[in-house]
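The values are calculated or read from the model by the stated rules, or taken from the named source; none is laboratory data. Owing to the predicted nature of the structure, the values given are computational and were not obtained by experimental measurement. For neighbour counting, all protein chains shown are included, and Cβ atoms are generated from backbone atoms with ideal geometry for every residue, glycine included.
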């Protein structure tokens, strides 16, 4: 269940700055990175948290401390939601390849996923149900330079579904 998987991630203590130094894009850098456009935001409040994981089911959405401790790929970028205009984030990849990406709209900026408040999106824009998507469905490929992708945000709609925000 997506709710249980995401809530479980919120319960495990995370180190908020873990992966940020490795994930932050630098001006005029041309190495492997994802240039992510976030679409379908419910509103313009809170923070956005973009995370990059290995593209396998065992590591996708795993605890950041465990991934880094095991020497596995993990990157994070956090930014305030811009008040207007396009919403774009950049996250560096360790090299060319396929990676799973998640994007959280932390509307109350409390650094935890709240099922009733926050939004979530993934590379590949898989249809969301009550379980987390498979890593392959949430993965994107990057070569030796930046790759542009679009992530559509999803929010809880009613008691039993997730989907794009209704406008």
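Summary table below
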item: All strands (runs of 3 or more DSSP E) inside the stretch 1-88 with 2 or more residues being surrounded by 15 or more Cβ atoms within 10 Å (Cβ to Cβ), at pLDDT 95 or above and out of contact with any helix residue (DSSP H, G or I) (no Cβ under 7 Å at 6 or more places or on another chain); result: 33-39, 47-54
item: Output for the stretch 97-113, where each listed residue is touching a residue at least 24 places away in the same chain (Cβ under 8 Å) and surrounded by fewer than 17 Cβ atoms within 10 Å (Cβ to Cβ); result: 97, 98, 108, 109, 111, 112
item: Subset tally (residues that are within 19 Å of residue 45 (Cα to Cα) and within 15 Å of the chain's Cα centre (by Cα)) for the stretch 138-162; result: 5
item: Residue within the stretch 139-147 that is in a strand (DSSP E or B), touching a residue at least 12 places away in the same chain (Cβ under 8 Å) and more than 23 Å from residue 21 (Cα to Cα) present; result: no
item: Single residue of 165, 93 found to be buried (at least 21 other Cβ atoms within 10 Å of the Cβ), more than 12 Å from the chain's Cα centre (by Cα) and either closer than 21 Å to residue 80 by Cβ or in contact (Cβ under 8 Å) with a residue 40 or more places away in the chain (or both); result: 93
item: Residue within the stretch 124-133 that is at pLDDT 95 or above, touching a strand residue (DSSP E or B) at 6+ places or on another chain (Cβ under 6 Å) and part of a strand (DSSP E or B) present; result: no
item: Boolean, residue 77 is in contact (Cβ under 8 Å) with a residue 60 or more places away in the chain and within 21 Å of residue 132 (Cβ to Cβ); result: no
